[in-house]
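This report concerns only the one structure given below.
The values are calculated or read from the model by the stated rules, or taken from the named source; none is laboratory data. Since the structure is predicted, the reported quantities are computational estimates derived from the model, not experimental observations. Here the Cβ positions follow ideal geometry from the backbone for every residue, glycine too, while neighbour counts run over all protein chains shown. The accessibility values were calculated without ligands, DNA or RNA, using every heavy atom of the protein model including side chains. Shrake-Rupley method; radii C 1.70, N 1.55, O 1.52, S 1.80 Å.
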Amino acid sequence: MKSDTVDLRLLFGKDVRYLVPLFQRPYVWNQVEHWEPLWADVLTIVDAYLRDPKQAAPHFLGAVVLDHVSTQVAELEARQVIDGQQRLTTLQILIAACRDVADKAGFDKQARVLAKLTDNDEDLIAETHHMLKVWPTNVDRSSFSAVMAGEAKQADRRSPITRAHEYFVKTTSLWLDEVDDTEDALAALSAVLRSLLKIVVIDLEHNDNAQVIFETLNARGTPLRASDLIKNLLFQRATDAGEDVEKLYETYWREFEEPGWRKEVRQGRLKRLRLDVFLSHYLTMEKGSEIGVSSLFEEFRSFTAASTESVEHLLIDLRKYGAIYDLFDELPPDDPRGLFFYRLRTMQATTADPLLLYLFGLDEETLPKESLNGILRKLEAYLVRRMVSRLTTKNYNVVFLGLLQAVKEDPTDAVGVVERYLSGLEGDSQFWPANNTFRRALETGELYRTLSRARLRIVLEALEDATKSKYAENLLVLDKLTIEHLMPQSWEAHWPLPADKHHLEAEQAREQRIHRLGNLTLATKKLNPKLSNGPWSTKRSDILEHSALALNRSLPDEWHEDSIDQRGAALAEVAIGIWPGPSEDGTKREVAGAADEAQEEPFRTEPITADDLTVGRLRIPIESAVLLPADDDEVDVVLRGTQASAYWQVALAGDGDGLGLLTLDASLLGRLTEVDDSLILTDSEGSEIYLD
């Protein structure tokens, strides 16, 4: 390779085309990280130039890597941009914006001078778009062409290219409004853009490997995502094989450039690009081993190197499973499969996605729709039973990988394979809870405390759907109904304890039942405040008058501890029917000492807030930690433990996520806020941790 340092007059002054390959990522630079610093650097040099042109020092903008492109004798010289396309595109937008401002202000000469850095000689071009010296990737061409033609208002308003042009036009105009001599200022700006902005140009030679260099340089500027590197790899292979890359891109890959694929989604406690997450699930499905996003590109490169299939065959497969992955989020909730995915996403069991991609990818003859629905019911039952029983999720990756491999060995008997596999799992970290375990968790577990609001809501919604009359309207209880305590958490004013029982015993018996399933229901957000903490007679009357839910239609005239137990037992039986347990063989495999036999130690009744902490650091078993919620949205951090000797346990645990031990600096504890069914812990430094 050869390198040289040039100014923009040499880089853009000649008639040339810098082509960004269609398989590179779109334009992603933004105002805070890129446009503002660039404009500040330009103004610094302009100010120095206005004081003394001879003393104005040049400013280096980094490097670009270019590769040769074969052209016909009569065509313009062309280079392929291997690295630095964001930088080149931004410079062209900046120059075009300054050109437009000069033209609008009536300074035709400066506008023409700047236009020479963006446009080729029209007498030398073969096609209209050859007029532009930089030609971006497919997704950006419409917006870029409009901006460079001075027609930015006609471009896509969501495009960062359009926003970049608007930013530079605005800042240039504001700057000109403040200078004493507009003509001198524009002349200085033009001189700086042409001569004092320097770039290192690296020209590749015939023996240089463009793909290797591209990967090596991917950390420059805004880091490339794994999917960007994979895209480049696939289309570079297609180019080397002489395939029609434009056709391949338009037919199979263009849809992956849509905003829905490039949005960030939560994966555990991290945010990942949705396309990266899909590709990791796809590769996990194909290879039968867990592939994380952090190692995705290297694993994908290894996978394609070992494959004898063409790039087109692989792209066809990616398009097929990409459509399936989209289906997971698009199925309506009145479809049994849509309801499954709503509940699955609420439980955040994304480790099941590679298995689900494979199952949904099977043809109807191999796996009929009703058989697929049956598998989904078993998977949901397995996950819900473990969630309610407060069993760890840390081995779900092992469970679902093993199940994927088993199903791939015999896809024609997928239903039987799933039943036998899940029923045969052993150990606390994997087994499918049988009825006795599930029933005990439903009847005696403090579900309001041990489950997030969203996860508890899917249980109550399912109970509502299962208990309503078959002649009732389909209300589809998915509109964020709130969870209501029938006997309120603050019961002291209107709910006297039984006079015939010892006060302390009666109070303990009541406190044990407040957060159980039998005392919980659903209510609209408008009805919930109305119910408040009033006496049962008033509360029951309001519920019967305003609620159409089956869960609320048969409430008795009196509400007390026995009522809670009876309703809890009845709802538990309904839940057992909704989410069946394992086969008989699986029931026998439930190990002694599992959640079924676990006995909780008593809690201290008063909540412990962050202000009560006197220790500096805490080490807590994650699977034991629970959140003590409050009635309002913002509450102090509350710590609660399951043993007197290990009382100091922290709320930021969830249902057990494989983190083992958590070390928390008590001095950093801040506030807990419930937002979109997630709990956000904000520490004293403003950092956020999502809890579920």
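General remarks:
- Solvent-accessible surface (1.4 angstrom probe) belonging to Ser490, in square angstrom, nearest 10: 50
- Heavy-atom SASA rank of Glu558, Glu264 (probe 1.4 Å, accessible area, largest first): Glu558, Glu264
- Rh by Kirkwood over Cα pairs, then Stokes-Einstein D for the range 362-419 at 1.002 mPa s and 20 °C, µm²/s: 175
- The calculated P(r) of the range 535-574, using every Cα pair and 5 Å bins from 0, goes 5, 22, 29, 25, 15, 3 in percent.
- Value of D in µm² per second that Stokes-Einstein yields for the range 240-355, Kirkwood Rh from Cα pairs, at 20 °C (1.002 mPa s): 139
- Amide H to amide H distances under 5 Å link Glu484 with Thr521, Leu522, Ala523, where only residues 5 or more positions off or on other chains count and H is placed in the peptide plane.
- Heavy atoms of Arg141 accessible to a 1.4 Å probe, total area in Å² rounded to 10: 50
- Electrostatic tally near Ala105: other residues with Cβ closer than 15 Å to its Cβ, Lys and Arg +1, Asp and Glu -1, net -4.
- Computed P(r) (all Cα pairs; the range 59-131; 10 Å bins; percent): 17, 37, 36, 10, 0
- Candidate residues Leu204, Leu544: accessible-area rank, largest first, probe 1.4 Å: Leu544, Leu204
- Each part gets one Cα centre, and for the range 153-194 versus the range 249-285 those centres are 35 Å apart.
- Cleavage-rule hits, GluC sites (Glu not before Pro), the range 1-100, DSSP coil, Cβ neighbours within 10 Å at most 10: none
- Annotation: Met347 carries an accessible surface of approximately 20 Å², with a 1.4 Å probe and no ligand, DNA or RNA atoms counted.
- Electrostatic tally near Ser190: other residues with Cβ closer than 12 Å to its Cβ, Lys and Arg +1, Asp and Glu -1, net +4.
- Expressed per residue, the C-alpha convex hull volume of the range 283-417 stands at 122 Å³.
- The radius of gyration of the Cα set in the range 1-80, together with its Dmax, comes out at 16.4, 47 angstrom.
- Of the GluC sites (Glu not before Pro) found in the range 289-346, those in coil by DSSP whose Cβ has at most 14 other Cβ atoms within 10 Å are Glu309.
- Column: log10 I(q)/I(0), Debye, Cα scatterers of the range 292-335, q = 0.19, 0.25, 0.30, 0.31 Å⁻¹: -0.74, -0.94, -1.03, -1.04
- In order along the range 255-263, the Karplus-derived 3J(HN,Hα) couplings, from 6.51 cos²θ - 1.76 cosθ + 1.60 at θ = phi - 60°, round to 4, 6, 8, 5, x, x, 7, 9, 7 Hz, and Gly and Pro are given as x.
- Sites listed here are GluC sites (Glu not before Pro) in the range 410-443 whose DSSP assignment is loop and whose Cβ has at most 13 other Cβ atoms within 10 Å: Glu426.
- Projected label distance in nm at Ser490 and Asp108, using a 7 Å step from Cα toward the beta-carbon: 7.7
- Residue separation of Lys526 and Arg301 scaled by 0.36 nm, minus their Cα-Cα distance, works out to 75.6 nm of gained length.
- Convex hull volume per residue for the range 361-474, taking Cα atoms only, in Å³: 142
- Calculated diffusion of the range 1-156, Stokes-Einstein form, Kirkwood radius summed over Cα pairs, 10 °C and 1.306 mPa s, µm²/s: 95
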